[in-house]
1. Name the one entry in Glu102, Glu148 that is more than 27 Å from Asn241 (Cβ to Cβ) and free of Cβ contacts under 8 Å to residues at least 12 places away in the same chain.
2. What number of residues within region 203-219 satisfy the criterion of being assigned to a strand (DSSP E or B) and not polar (S, T, N, Q)?
3. Suppose the filter is assigned to a strand (DSSP E or B), crowded, with 24+ Cβ neighbours inside 10 Å and among the aromatic types (Phe, Trp, Tyr); does Phe164 pass it?
4. Given the structure, is Arg129 crowded, with 20+ Cβ neighbours inside 10 Å, among the charged types (D, E, K, R), out of contact with any Phe, Trp or Tyr (no Cβ under 6 Å at 6 or more places or on another chain) and in a helix (DSSP H, G or I)?
5. So which of Lys254, Lys297 is among the basic types (Lys, Arg), part of a loop (DSSP other than H, G, I, E, B) and touching a strand residue (DSSP E or B) at 6+ places or on another chain (Cβ under 8 Å)?
6. Could you check region 165-212 and list, in sequence order, the residues that are among the acidic types (Asp, Glu) and free of Cβ contacts under 8 Å to residues at least 40 places away in the same chain?
7. If the requirement is being touching a Pro at 6+ places or on another chain (Cβ under 7 Å) and crowded, with 22+ Cβ neighbours inside 10 Å, which of these qualifies: Gly103, Gly93, Gly158?
8. When you check Lys198 against the structure, is it of a type in the set (Lys, Arg) and buried (at least 18 other Cβ atoms within 10 Å of the Cβ), yes or no?
Amino acid sequence: MLGDSDDPPTPSSNDTSPSLSSDKSSPAPSSDKEDTSLNSSLPKSEVNFAFGPQDWYWIRCGPRWSFVRSKASSWDDLKISTPHWVAFKHDTGILIGGDDDEGGGRVVHTWNEGHLVRADQVDSFVKTRDAYIRLHNWISDQVQKDPEKVRQVSISIGPKGSYFARCGTAQTSYALPKDLENSLEESNSYPINIALGKQGAWIVLFADGSRDWNLRHIYPTLAATSNLSDNTDKPVFAALNPYAEDQYFVVTEKGSCNYRTPLSEEVQKMTDTYMRTRAIRDGSSFSHTVTVGGVPKEARYTPNSWLEETRTEAMLAKFRGRVALVKRRDVIFVGAVAGGTGFVAKIAGIPTLRAFGVAASAGVGAAMTMWYRDTIGSPNL
């Protein structure tokens, strides 16, 4: 059951539940001062994606598209009419931000009541729980129910209670991998998006277009692409699955959505529609790579691709219709030949079994004639 209270349940002890680990590192210092002059110039992504446990996920493509698949599929009680982002806290709940029914901004922190924790993991659970509470409080203080500020939030929750959140240029983090912390300290730009994955893997995208990453050989499919390194269409959003290896979601400046996930067909159609719309709206051309069910696919999007494909699909549909009509007529013709021959044979006094054989032979002959017409005798071959 989900609740929107900041008072989490006291953990129950059960030795058979999954292990929850924690990080001994202390929370990284937060940057609460926001440089509002830079907010309008920060790169933004119209697509937001969050991986959850047990193949749950949340996705938003532009202002008109959203799709949810998780135990939190019914969020009516959260009083959020339009969600802008979601972060799964593994099995303990979610953080979600969006617009309420009155048009104001709202951030909700939910807890799964009755979540069981192993007896030897209670201390680490409490540490992680407290870190999530601080995260929710920090975001709430930053947005102050301002819907525009809620839209500016970028959040990623990784293994061992690690997280990164940004609201405008203000940011906070906890238990980040050491090499990621070094990358943040060495950069002269603001991080706009951080992806936290399994075994300390990470991606960071900076406001100046630079990026850094360490996939730790956990995401080889992504490493084999140019999705992160391409300077002609730089990434503006990235997510790594912290629950499963080699699953990711990367969005570029031009709107290309590149991913390897167990997404449903409905979500694939959603991203396809979004990319076609972006290509037409912006007059841009870009490639898109996706791996679903272990099968890699690549497509090219241009301002005219939708129109061209629509015409092609219409022509194919018309062609298939004509082929189906011809086949139906052929079947009728074969049947008529066979039936007519059998009727004439019977009138001529030929015994029934023989008449049947003559009819069958005539039908086969007619079918062979049409096959010759459609293949050997076709002028197009």
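1. Glu102
2. 7
3. In short, yes.
4. Against the criterion (crowded, with 20+ Cβ neighbours inside 10 Å, among the charged types (D, E, K, R), out of contact with any Phe, Trp or Tyr (no Cβ under 6 Å at 6 or more places or on another chain) and in a helix (DSSP H, G or I)), Arg129 qualifies.
5. Within the list Lys254, Lys297, the selection yields Lys254.
6. Asp179, Glu185, Glu186, Asp208, Asp212
7. Gly158
8. yes
The values are calculated or read from the model by the stated rules, or taken from the named source; none is laboratory data. Small disclaimer: the values here were computed from a predicted structure and weren't measured. Every residue, glycine among them, receives a Cβ derived from its backbone with ideal geometry; neighbour counts consider all protein chains shown.
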